[in-house]
Amino acid sequence: MDKKIHAGHNEDACNFLHSDGNYCDWVVTTAFYAALHFVQHEIFPFTVNGRKYNSFDMYYNGHYKGVKNKPSKHVSTVNLVKSELGDDVHQNYSWLFGLCMNARYINYNIHKFIAEESIKRLGRIKSLMKK
């Protein structure tokens, strides 16, 4: 599947939910998942120690094969964003990640201001992508 198309689909869902105004937790969640697909599209294919990985799943399953206490897929993506895409993308992506985890698992009552900020941060991430 094309990550950029998937990202656009999630971004469209994010904007649709935002226009409704009643699902701020899902605005945050869809903004994060759009960002996830945008950054993975940007990073991959990716070469580590002479080994080329065409997708995040190939990277994760290969790079961490046999590793005890490996990071979650989300934490691994955060680490890749930091090392490969720079501080600006990392700060915005990490912010969205934290809010998404909160909205999904702890407290779905997200203020409209936070939903709007999520869309802005997704836009910032998207604007920094080169592919």
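Each reported figure results from applying straightforward, stated rules to the coordinates on display, with no laboratory input. These numbers were taken from a predicted model, which means no experiment stands behind them. Quick reminder, even Gly has a Cβ in these numbers, built from the backbone with ideal geometry, and neighbours come from all protein chains shown.
Top mean-square fluctuation among G66, G21, G86, Gaussian network model of the chain, C-alpha springs under 10 Å? So, out of G66, G21, G86, the one fluctuating most is G66. Averaging the sequence gap over all C-alpha pairs within less than 8 Å and six or more residues apart, then dividing by the number of residues, gives the chain a relative contact order of 35 percent. Identify the trypsin sites (Lys or Arg not before Pro) of region 10-105 meeting these criteria: DSSP loop state and at most 12 other C-beta atoms within 10 Å of the C-beta. Sites meeting the loop and neighbour criteria: K65, K68. In whole angstrom, region 30-103 maps to an equivalent ellipsoid with semi-axes of 21, 14, 11, each derived as √(5λ) from the alpha carbon gyration tensor and ordered largest first. Relative to the longest principal axis of the Cα atoms of the chain, the long axis of helix 24-43 lies at roughly 30 degrees.
Cβ crowding within 10 Å ranks V81, V67, V75 as V67, V75, V81, fewest other Cβ atoms first.
Across the options Q91, I119, F44, the greatest Cα extent toward the positive end of the charge dipole of region 3-128 (unit charges at beta carbon of Lys, Arg, Asp, Glu) belongs to F44.
Compared with the dominant Cα axis of the chain, that is its longest principal axis, helix 112-128 is turned about 40°.
State to the nearest 20 debye the size of the charge dipole of region 28-131 about its Cα centre, where the only charges are +1 on K and R beta carbons and -1 on D and E beta carbons. Present the calculation step by step, with values, prior to reporting the outcome.
Numbers: 15 positive and 7 negative charges, 57 e Å.
With Lys and Arg at +1 and Asp and Glu at -1, about 280 debye.
Calculation over all alpha carbon pairs of the chain in 5 angstrom steps from 0 returns a P(r) of 2, 11, 21, 22, 19, 13, 7, 3, 1, 0 percent. The chymotrypsin sites (Phe, Trp or Tyr not before Pro) of region 1-69 that meet both conditions, a loop assignment by DSSP and at most 15 other Cβ atoms within 10 Å of the site Cβ, are Y64.
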